[in-house]
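Asker: Pasting a structure here, questions to come.
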Amino acid sequence: MLAPIVAVFAAALGTVAAVMLWMRSDTEGQRIELPVLPTTVSPVDPPVTVSVRDAVAAAPAARTVVATTVGSGDCALQIVVEPVGARISVDGTFAGRAPLLVRGPCVQHRIDVAQPRYRSATRMVTPTQAAPLPVDISLARPTHSVFITTVPNAAHVKVDGRSFGFTPTYVKVPAFTPVKVNIERPGFKPVVHTVTSKTAADRVTLRLRR
């Protein structure tokens, strides 16, 4: 009973072995080349400069524009400030935080903007009934004087390529902003020190090494 089954199984194995031997002999000595897929390199887009209003429109947190009313009238001011959240006063009265839509009379208005760690700004604007008048304001950082000394002194001090003389000396830097100060003295290793001034009269002392 088992003899026919064994014979069939042996015949099947022989067929498989024959096929494998044929495939080996058929491909032996041949070089198989795979197709090369074309590659493309996307060009690098140039840097894009955006306005304060475009940047605010792109930021989800900044798109929430609060509307308020100062007096009665059919005109409006659309006030956008960098940084977002700055305090806005209209004609001496606090109106809200930027960005802000202010409705009121069609007369000249005084816009005062303030934010901690930034310089305050004032604008005089006169809206019309045609459409809300865009008012874009960018607040700047205040300028601090940093007194720099070195051990030993007489080291040359530069900030952003601008020379500030030799130590001890004062340098003018934007407040609350990291600024790299380059210090060099013959016979000593150059020093690059990052200064973030938080007070109007900061002091920095650096020890030079040979």
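Every number here is computed from the coordinates shown, using simple stated rules; none is lab data. Fair warning: this is a prediction, and the values are worked out from it, not measured in the lab. When we count neighbours, we look across all protein chains shown, and the Cβ atoms used for this are built from the backbone with ideal geometry, even at glycine.
Per-residue answers, yes or no, for (1) surrounded by fewer than 13 Cβ atoms within 10 Å (Cβ to Cβ); (2) under 26 Å from Asp202 (Cβ atoms); (3) in contact with a His (Cβ under 7 Å, 6 or more places away or on another chain); (4) touching a residue at least 40 places away in the same chain (Cβ under 8 Å):
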| residue | (1), (2), (3), (4) |
| --- | --- |
| Cys75 | no, no, no, yes |
| Gln78 | no, no, no, yes |
| Arg87 | no, no, no, no |
| Val102 | no, no, no, no |
| Tyr118 | no, yes, no, no |
| Arg123 | no, no, no, no |
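Asker: Of the residues in region 68-91, how many are among the small types (Gly, Ala, Ser) and under 26 Å from Arg117 (Cα atoms)?
Answerer: Just the residues of region 68-91 that are among the small types (Gly, Ala, Ser), to begin with: 71-73, 76, 85-86, 89.
Checking the rest, the ones that are also under 26 Å from Arg117 (Cα atoms) come to 85-86, 89.
Here the count works out to 3.
Asker: Further question on the same structure: Looking only at region 168-210, how many residues end up being among the small types (Gly, Ala, Ser) and either touching a Cys at 6+ places or on another chain (Cβ under 9 Å) or closer than 14 Å to Val157 by Cβ (or both)? Quick ask: steps written out before the conclusion?
Answerer: Keep residues of region 168-210 that are among the small types (Gly, Ala, Ser), which gives 175, 187, 197, 200-201.
Add one more test, that the residue is either touching a Cys at 6+ places or on another chain (Cβ under 9 Å) or closer than 14 Å to Val157 by Cβ (or both), and what stays is none.
The total comes to 0.
Asker: In region 68-92, what residues are closer than 10 Å to Val102 by Cβ and part of a strand (DSSP E or B)?
Answerer: Thr68, Thr69, Cys75, Ala76, Leu77, Gln78, Ile79, Ile88, Val90 - these are the residues of region 68-92 that are closer than 10 Å to Val102 by Cβ and part of a strand (DSSP E or B).
Residue by residue, here is whether (1) under 24 Å from the mean Cα position of the chain (by Cα); (2) of a type in the set (S, T, N, Q); (3) closer than 18 Å to Val81 by Cβ; (4) not in a strand (DSSP E or B) holds:
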site	(1), (2), (3), (4)
Ala95	no, no, yes, no
Arg123	no, no, yes, no
Ala131	no, no, no, yes
Pro186	no, no, no, yes
Val192	yes, no, no, no
